[in-house]
Amino acid sequence: MHRLTKAQLESVLSYDPDTNTFQWLIRKRGIRQGPIKVRRSRYITIDGRKHATLDLAHLWTHGTYPEPRRVQRSDMSDVTGVLKHHGK
């Protein structure tokens, strides 16, 4: 799988770590032109591939992708409790 490089990222977006926002450097029809706030569930599509904004911010600041996130068993208890509450 081809991963986006920091150079590729910098060629299409700028990043402001103080405000934690990305901004498109290029204008494309149909693409939001305002600042894009980094959030857990926000994605940016570059060259047809979706990238989590958290991963892009890490790539921008460290030059590498973050380590894969692992769900801990203790984290699953919260999900299980929600599912039981909703009768699933």
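Read the figures in this text as sums done on the coordinates, not as results from a lab. Keep in mind the model is a prediction, meaning the values are calculated, not measured. As a convention, Cβ positions derive from the backbone with ideal geometry for all residues, glycine included, and neighbour counts pool all protein chains shown.
Based only on Cα atoms, what Rg/Rh ratio does segment 1-66 have, Rh being taken as Kirkwood's radius? Don't skip to the answer; put the middle values down first.
Details: Rg = 11.0 Å, Rh = 12.0 Å.
Taking Rh as the inverse mean 1/r over Cα pairs, Rg/Rh reads 0.92.
When 51, 2 are ordered from fewest to most other Cβ atoms inside 10 Å of their Cβ, what list results? Don't skip to the answer; put the middle values down first.
Values: 51 19, 2 7.
So the residues, fewest neighbours to most, are 2, 51.
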Residues with amide H under 5 Å from that of residue 13, placed H, sequence gap 5 or more: 25
Net charge of Cβ neighbours under 10 Å - reference residue 22; Lys, Arg +1; Asp, Glu -1: +1
Hypothetical label at residue 42: residues of segment 8-23 whose amide nitrogen lies under 11 Å (7 Å Cα-Cβ projection): 16, 19-23
